[in-house]
Each structure stands twice: as C-alpha cells, then as structure tokens.
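Participant: This is the structure, below, for whatever I ask next.
The values are calculated or read from the model by the stated rules, or taken from the named source; none is laboratory data. Since we're looking at a predicted model, the values are computed, not measured. Every residue, glycine among them, receives a Cβ derived from its backbone with ideal geometry; neighbour counts consider all protein chains shown. Remember, those area values only see protein heavy atoms, side chains included, never the ligands or the DNA or RNA. Shrake-Rupley method; radii C 1.70, N 1.55, O 1.52, S 1.80 Å.
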Amino acid sequence: SGAIKKAVKDIAKKMNRGFEILDLELLTSEISAIKLVNKKPNINTLENINFLNIVDPIFRFYQRFLSRNHLIDFNDMINKAIEQIENEGIANNFKYIFVDEYQDMSYKNFQFIKTLKTACNANLVVVGDDWQSIYSWRGADFTNILNFEKDFPGAVVIKLEQNLQLFLQCQIDNFLSD
C-alpha cells in the first residue's frame, strides 16, 4: 500500500542506504518476499551494488518501526495468524475451508491454509488452474496446486476439463446439426 511504501522510503532515506539508486517497487517487493515467501533477497536484480547490505538493515528497521507503532502489514497478518494457530490453537468450528484461485497462493498463504485445516480438521475445498497463475510477482507459487494431493493425502480431486462456455457451444452445435 501507499503507507507501506512511504514508510520504507522514509526509513531508507533516514538510514542513508543508497535509496537514490533503488527502485521503491523493487525494495518493497523484496521486503514482502522476505516476509511472505521466506526467500532471501534477490541480490542479482541490481547491478554493481550489494543489494543485501541495503535491504537487510532497512527490513530490520521497518520491522522495529511496525512493532514500536503497534502496526502490522498484510504479510504480518498472515504470519501472525499462523503463529496464533500454532501456539494457541483455534476453535474447532470450521467444517469447510474454501479457497479460490489456489494456484495464486504464496508459500505463507499455503502454510496458513494447511495450519488452519490441521487445527480444525476441516474439509478443504479448493479451486484453481495451474495454467492461470498470474501472481508470481507477489510470491504466488503454482506448484501448490500441482502438489495438492501430496500435501493433502486422501484428498478427492475433481478435474473440470470443460468450461461452461465450451459446453454450451457444443450443445448449441449439436442442436443445430440435428
């Protein structure tokens, strides 16, 4: 969000960490990746600087800023929900968990769903298409859907090989050919 970008920009300037040569979008996406995808910053994305030496202190200062001001960002909402469920459990009142666009989940989104399902012993219903993954830029990992049966043994998989539009067109074609 704009507030997050402003905070990161202000922190980077305050720390005098070479912000003038950094792309703000790149910096905030790397911070997000550290939190949400559990990956190390991509130091090959910029030439001639040691990106890690810039991002790491900004990331640590940003985390302290959030903590001191009793704030959390979107990524922390997921991380804290996982921690809460793992540490304190959750009321076992979910019978079903529904997830749409499963192919566009990040590792942390996947971890949250798996933790919630395990804690509640709920039935998990997901919808997704590995050919439709469009959010890799924000950490989505389409292999989540490819690994679904491995990650959730005993799951029943129903593949919808034909969409409604194609089905209706076939029905119209059949009707017209009669």
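Participant: Can you find a residue in the stretch 66-79 that is open to solvent by 40 Å² or more (accessible area, probe 1.4 Å), within 14 Å of Lys35 (Cα to Cα) and either part of a helix (DSSP H, G or I) or of a type in the set (S, T, N, Q) (or both)?
Facilitator: Residues of the stretch 66-79 open to solvent by 40 Å² or more (accessible area, probe 1.4 Å): 67-72, 74, 77.
Remaining after also requiring within 14 Å of Lys35 (Cα to Cα): 72, 74, 77.
Checking the rest, the ones that are also either part of a helix (DSSP H, G or I) or of a type in the set (S, T, N, Q) (or both) come to 74, 77.
Among the residues of the stretch 66-79, at least one is open to solvent by 40 Å² or more (accessible area, probe 1.4 Å), within 14 Å of Lys35 (Cα to Cα) and either part of a helix (DSSP H, G or I) or of a type in the set (S, T, N, Q) (or both), which makes the answer yes.
Participant: Which ones in the stretch 120-146 are within 15 Å of Lys108 (Cα to Cα) and in a loop (DSSP other than H, G, I, E, B)? Explain how you work it out, then say what you get.
Facilitator: Let us first name the residues in the stretch 120-146 that are within 15 Å of Lys108 (Cα to Cα), namely 135-145.
Matches in the stretch 120-146: Tyr135, Gly139, Ala140, Asp141, Phe142.
Participant: Going by the conditions given, is Phe94 at pLDDT 75 or above, open to solvent by 20 Å² or more (accessible area, probe 1.4 Å) and assigned to a loop (DSSP other than H, G, I, E, B)? Talk me through it step by step, then tell me what you get.
Facilitator: Numbers: at pLDDT 75 or above: yes; open to solvent by 20 Å² or more (accessible area, probe 1.4 Å): yes; assigned to a loop (DSSP other than H, G, I, E, B): yes.
Taking the combined requirement at face value, the residue satisfies it.
Participant: Could you list, ordered by first residue, the pairs with Cβ atoms under 8 Å in which the first is in the stretch 74-92 and more than 9 Å from Thr115 (Cβ to Cβ) and the second is of a type outside the set (S, T, N, Q) and part of a loop (DSSP other than H, G, I, E, B), at least 6 apart or interchain?
Facilitator: Cβ pairs passing all conditions: Lys80/Ile72; Gln84/Ile90.
Participant: I've got another one for you. Taking only pairs six or more apart or across chains, which ones have beta-carbon atoms under 7 Å, a first residue in the stretch 110-138 that is closer than 17 Å to Pro153 by Cβ and among the polar types (S, T, N, Q), and a second residue that is modelled with pLDDT of 85 or more and open to solvent by 50 Å² or more (accessible area, probe 1.4 Å)?
Facilitator: Cβ pairs passing all conditions: Thr115/Glu86; Asn123/Lys95; Asn123/Tyr96.
Participant: Determine which member of the set Lys150, Lys114, Lys108, Lys159 is in a helix (DSSP H, G or I) and open to solvent by 80 Å² or more (accessible area, probe 1.4 Å). It would help to see each step written out before you state the result.
Facilitator: Working: Lys114 fails: open to solvent by 80 Å² or more (accessible area, probe 1.4 Å); Lys108 fails: open to solvent by 80 Å² or more (accessible area, probe 1.4 Å); Lys159 fails: in a helix (DSSP H, G or I).
None of the others qualify; the one that does is Lys150.
Participant: OK, next. With the requirement that a residue be among the aliphatic types (A, V, I, L, M), open to solvent by less than 50 Å² (accessible area, probe 1.4 Å) and at pLDDT below 65, what does the stretch 15-39 give you?
Facilitator: Leu22, Val37 - these are the residues of the stretch 15-39 that are among the aliphatic types (A, V, I, L, M), open to solvent by less than 50 Å² (accessible area, probe 1.4 Å) and at pLDDT below 65.
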